[in-house]
Amino acid sequence: GASGSGKSIELREEFYCRPCDMFECLMDEGRVRAYTGSHCSIVREAGAPFSLFNGSVTGTLVEIVTNERVVQMWRNSSWPEGTLSRVEITITSPSEGKTVVTLKQSGIPEEDDYGNSNTVDVTYQGWRGQIFGRIRQCFGFGC
């Protein structure tokens with residue numbers, strides 16, 4: 001779809017860890033596989049394709065700044081064909097031992113291919129529960 005179309009979400013999550021720990025949790029295949037309990041494919045290179053949750057989420061890595069920033073074009077397999085959203089993840093450390101992850105995702109479709117209009121909520125809860133919540137449980141970074 002054209003840029004500017006679709007819905008947006010924003011999350012801010014705090015963890016007790018270093019920025020490099022959080023970056024590895026997002027970009028290391030082994031760690032992602034560990035906390036999602038599913039197959040994934042990640043290459044740390046701009047332009048490289050990725051997939052998560054056995055291919056339920058796919059996309060392309062647009063920009064990668066080690067331990068600081070990840071930008072992806074990202075889609076859920078249930079979304080209408082050709083629909084891509086943009087995910088920007090920023091990792092900062094406001095104080096020693098604490099890391100803040102800010103995630104902005106834009107271009108989320110109003111509904112999925114099956115006519116369900118809860119796409120935004122499903123996407124938001126997915127990041128909170130399936131990604132960040134599991135990182136906390138798996139690696140003990142809870143705040």
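Summary of values
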read-out	value
Restricting region 4-72 to GluC sites (Glu not before Pro) in coil, as DSSP defines it, with at most 14 other Cβ within 10 Å	Glu45, Glu68
Cα gyration tensor, region 25-102 - rounded (a/c under 1.5), prolate or oblate	prolate
Gyration tensor verdict on region 6-46 (Cα atoms; rounded if a/c is under 1.5, prolate if a/b is larger than b/c, oblate otherwise)	oblate
Accessible area (Å², per residue) of the chain, counting only protein heavy atoms and a probe of 1.4 Å	51
Entry for percent of Cα pairs over 20 Å apart (calculated from the structure that is shown) out of (1) 59; (2) 50; (3) 45	(3)
Length-normalised contact order for region 1-70 - Cα pairs under 8 Å, 6+ apart - percent	22
Share of carbon and sulfur in the accessible heavy-atom surface of the chain [1.4 Å probe, %]	46
Relative contact order for the chain, counting Cα pairs under 8 Å that sit 6 or more residues apart, in percent	29
Chymotrypsin sites (Phe, Trp or Tyr not before Pro), loop per DSSP, at most 16 other Cβ atoms within 10 Å - longest free stretch of the chain	17-113
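The values are calculated or read from the model by the stated rules, or taken from the named source; none is laboratory data. Note that the structure is predicted; figures quoted are calculated from it, not measured. Quick reminder, even Gly has a Cβ in these numbers, built from the backbone with ideal geometry, and neighbours come from all protein chains shown. The protein model used for the area step is the full one, side chains on, heavy atoms only, and it has no ligands, DNA or RNA in it. Shrake-Rupley method; radii C 1.70, N 1.55, O 1.52, S 1.80 Å.
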